[in-house]
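**Student:** My questions will all concern the structure given below.
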Amino acid sequence: MNKASQQQILSLGMGLIPCLLLVGCSGFNSLSSSSEAKNSTLSAASTSISSTPTTPSVPTTTTLPPPPPKAALKNSALVSADFDNDGVPDLAVLDISGQQIDIMSGNGDGTFNPPVKMNTGATPDGLLAGDFNQDGNQDLVVLNAGDNTVGILLGNGDGTFQNQVTSPIGHVASDLIAGDFNNDGNLDIAVVNGADGTVGILLGNGDGTFQPQKAYKVGQFPFAISAADLNGDGAIDLIVANSGDNTVGVLLGRGDGTFSAQTTFAVGKAPSRIAVADLNRDGKPDVIVLNSASNTVGVLLGNGDGTLTSQVSYATTQGSAVGSNPTGLCVTDLQGNGNFSVLVTNSGNSTLGVLLGNGRGTLAAATMTALSATPDAIVSSDFNQDGSADMAIANLNGNVLNPSILLGQGNGAFQLQP
């Protein structure tokens, strides 16, 4: 992968900690909406579907500046970024029942200030941060699953945000990712529309607005999405977890904002979260998927040409994984040795499973940290600025997500903040 394409991978998902490729840290609420979703129909007024769209001429590749100015930090329910430009990572977490985002500024010691609340649309179910209007401030993008929109809240650079402006998307959307898909220097968005079985692309105009969604057919009830340059051509590709048919779909990007039809790879049951990182340090992105119904993490090593090896799976907890109900996935360098490790939140037994990577593409058996509440989403950053990866975990209490902080010790172990 060339340097320019690495800089185009715009979903880091681990806050302010440097990473080689793309790291996904996310959470998973429920697949219970799938039966209702199957009865939904696609609104042709707001979406066009194509598996092989006409390919316009590809513009010259633009080399983007390194993160954070062009970074999009992605998660399902919470995200970490520097919203007030003080050099300290902050948190934003969804309040689903209140239809709000809670923005909490960090103090640099692992503690946070009381939240500033911003309104969202109906049933917010996804969140990411990035600079979408190129003013140097982090903005927030929220997925409003209840009214089939994506809303952008432009950041003021002081930890406050403007009211959301919405754009229509498909039905029962559950996840989103950002990147520069057409090489124009502006952040674009991709969303997974579960009921429609599509991925929707909204190209950014560079001023915080987006062009109408262009949809691509994928598998049954797609639930999660990630992005990376899987074939080394300098264009961002999309990787989708198709929860309804137990596959991962790869849509190769053309560098002009369009994508090829998906190629699928078998994984475990009900894949719900997905991330990308170079687990075997060969310079090729690998795919990590959370198989919720199998209670496993699946690793599919990348071949560098857009294809993936067969999945190797690992239990998300010690002993019997039955009933662990994994919900959140994060991939980061826990030990500062350049090797990526995998972290999983298990809502069934309220634990954090840590699977240390060895840099050769395999993972150690999970070691467990007991949590004091039912965990959902997880995100990584250096919250106390000691150089070690820390974790924020959104704990599910009804429809309210309350974050807890685990400070990393630099060896894969954590200390839970009181």
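**Student:** Please work out which residue is farthest from Lys217 (Cα to Cα), limiting yourself to segment 141-166 and to residues that are open to solvent by 20 Å² or more (accessible area, probe 1.4 Å) and small (Gly, Ala, Ser).
**Tutor:** Filtering segment 141-166 for residues that are open to solvent by 20 Å² or more (accessible area, probe 1.4 Å) and small (Gly, Ala, Ser), the one farthest from Lys217 (Cα to Cα) comes out as Gly146.
Each row is one residue, and each column tells you yes or no for (1) charged (D, E, K, R); (2) modelled with pLDDT under 95; (3) farther than 21 Å from Gly179 by Cα.
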{"site": "Ser80", "(1), (2), (3)": "no, no, no"}
{"site": "Asp90", "(1), (2), (3)": "yes, no, yes"}
{"site": "Phe112", "(1), (2), (3)": "no, no, yes"}
{"site": "Phe132", "(1), (2), (3)": "no, no, no"}
{"site": "Leu140", "(1), (2), (3)": "no, no, no"}
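**Student:** Could you tell me which numbered condition Asp390 fails, if it satisfies all but one of (1) buried (at least 24 other Cβ atoms within 10 Å of the Cβ); (2) on the phi > 0 side of the Ramachandran plot?
**Tutor:** Single failed check for Asp390: (2).
Matching residues to (1) in contact (Cβ under 8 Å) with a residue 24 or more places away in the chain; (2) under 22 Å from the mean Cα position of the chain (by Cα):
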position	(1), (2)
Gly328	yes, yes
Thr332	yes, yes
Ser341	yes, yes
Asn349	yes, no
Val354	yes, yes
Asn358	no, no
Gly361	yes, yes
Ala364	no, no
Thr369	yes, no
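**Student:** Taking the condition of being in a loop (DSSP other than H, G, I, E, B), surrounded by fewer than 24 Cβ atoms within 10 Å (Cβ to Cβ) and among the aliphatic types (A, V, I, L, M), how many residues in segment 356-387 meet it?
**Tutor:** In the first step, residues of segment 356-387 are kept if they are in a loop (DSSP other than H, G, I, E, B); the result is 356, 358-362, 364-366, 371-374, 382-387.
Filter once more, keeping what is surrounded by fewer than 24 Cβ atoms within 10 Å (Cβ to Cβ): 356, 358-362, 364-365, 371-374, 382, 384-387.
Remaining after also requiring among the aliphatic types (A, V, I, L, M): 356, 364-365, 371, 373.
Residues flagged as in a loop (DSSP other than H, G, I, E, B), surrounded by fewer than 24 Cβ atoms within 10 Å (Cβ to Cβ) and among the aliphatic types (A, V, I, L, M) within segment 356-387 amount to 5.
**Student:** Could you look through segment 236-245, keep only residues that are touching a helix residue (DSSP H, G or I) at 6+ places or on another chain (Cβ under 9 Å) and not aliphatic (A, V, I, L, M), and pick out the one that is most open to solvent (accessible area, probe 1.4 Å)?
**Tutor:** Taking the candidates together, the pick is Gly244.
**Student:** So which of Gly302, Gly353 ends up being within 19 Å of Asn242 (Cβ to Cβ) and open to solvent by less than 30 Å² (accessible area, probe 1.4 Å)?
**Tutor:** Answer to the check: Gly302.
**Student:** Something else now. Consider segment 203-235. How many of its residues are among the polar types (S, T, N, Q) and open to solvent by less than 20 Å² (accessible area, probe 1.4 Å)?
**Tutor:** Adding up the residues that qualify gives 2.
**Student:** Further, regarding this structure: From the set of residues in segment 172-202 that are in contact with a helix residue (DSSP H, G or I) (Cβ under 7 Å, 6 or more places away or on another chain) and assigned to a loop (DSSP other than H, G, I, E, B), which is surrounded by the most Cβ atoms within 10 Å (Cβ to Cβ)?
**Tutor:** Residues of segment 172-202 that are in contact with a helix residue (DSSP H, G or I) (Cβ under 7 Å, 6 or more places away or on another chain), as a first pass: 172, 179-180, 194-195.
The next check asks that each one be assigned to a loop (DSSP other than H, G, I, E, B); those that pass are 172, 180, 194-195.
Details: Val172: 22, Asp180: 25, Gly194: 28, Ala195: 23.
So the residue we want is Gly194.
Residue-by-condition table, conditions (1) on the phi > 0 side of the Ramachandran plot; (2) within 19 Å of the chain's Cα centre (by Cα):
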{"residue": "Gly257", "(1), (2)": "yes, no"}
{"residue": "Ile274", "(1), (2)": "no, yes"}
{"residue": "Leu279", "(1), (2)": "no, yes"}
{"residue": "Pro285", "(1), (2)": "no, yes"}
{"residue": "Val289", "(1), (2)": "no, yes"}
{"residue": "Ser294", "(1), (2)": "no, no"}
{"residue": "Gly298", "(1), (2)": "no, yes"}
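The values are calculated or read from the model by the stated rules, or taken from the named source; none is laboratory data. None of the values given here were measured: they were computed from a predicted structure. A quick note on method: Cβ atoms are made from the backbone with ideal geometry, for glycine too, and the neighbour counts reach across all protein chains shown. Please note that ligands, DNA and RNA were not included when accessible areas were found on the heavy atoms of the full protein model with its side chains. Shrake-Rupley method; radii C 1.70, N 1.55, O 1.52, S 1.80 Å.
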